[in-house]
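To start, the structure itself, in structure tokens.
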Amino acid sequence: MHEYQELIGEHQSLQKQLADQPDTVESERVLHLIAQARDAGTYISDSQERERVRAILKHWGAYVYKNTGELPPTQLAPYEPRRGLDRMTALRTRVMQWWSKRRHGEKVAWVGMFAIVVLALSFFGVDLATKGLSIPTPTIKPAELCNGGFEDNFDCWQHGGELDQSVKCNGDQCYAVLGNPDYLCYGGVPVGKAWIKQTFEVPQEISPTLSLRYRVFSQDLDLQECDYFQVAINGQLLPERYGNFEWNEPSCDREPWDSDWQTLSLDLNAYRGEEIEASFHSVNGTQPYYNTWTYVDGIRID
């Protein structure tokens, strides 16, 4: 359906503008895209396309919230089977008017094979209408965790915090960067955190797990008030923290400590069949010294 393609095109155009010239993005254009995306739910039945539109709504809703402090409505409208049929009926009417004018000798634009295709579609619409076939509402899957590899930038994800958040790609691998390796070690590191989060449905399968890969770089230590990476479920931080536990003291005079890529699996059995929010935090403690940043990739449900 061309409306869906236009929606995706507008989303990609805004993303490019945001990356190249962030100060020129007009809030009215973003809100118009959100309104179009919400309305798309009435005519999009394909479950994968609906999930893509939900991701667009989450992405731009988070953008508006970050810039205005207000979260716009981002619920996808329910599917309306009749809307697609009404469009087909209108199309059939226009084609029959064209054919009637031609039969009576009036001048009309010749549309060649396109007219034949449209005519065939219109007769298909007549058949549906005259036979009174019911069009079942498709089964829409609950929101699944999506874009866990960050191939589509921060689509599906909300992100924020005092530290920078970005997505980088090396070859075929893309990953979220929480923090910024370019912060100056001596007094140039913002105090706070960078975070990403997503809400999704945990499957009913036995022993579902949340898996991810992470890599922490740090010039500081993993102490109570220092720097680390941590995961939270439904806003509750899990007790495990991941950071530099090998050095005896922080340092700006040596290469940052590197955890290398590590794999983490979290048991979600207690949340089977529930909708949860998973968030991931890279923290710089209480002083603007000693930089820490984290790569996150491969987030998925197993």
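Read the figures in this text as sums done on the coordinates, not as results from a lab. None of these values were measured; they are calculated from a predicted model. With ideal geometry, Cβ positions are generated from the backbone for all residues, glycine too; neighbour counts draw on all protein chains shown.
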Total formal charge among the other residues, if their Cβ is under 11 angstrom from that of R241, Lys/Arg +1 and Asp/Glu -1: -3
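When you count, for each residue, the other Cβ atoms within 10 Å and take the mean per peptide, how do 16-24, 195-203 rank with the highest first?
Going by the mean number of other Cβ atoms within 10 Å, highest first, we get 195-203, 16-24.
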Alpha-carbon centroid distance for the pair the stretch 227-302 / the stretch 1-71, whole angstrom: 30 Å
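Residues with beta-carbon under 14 Å from that of N269, excluding N269: net charge, scoring Lys, Arg +1 and Asp, Glu -1?
-3
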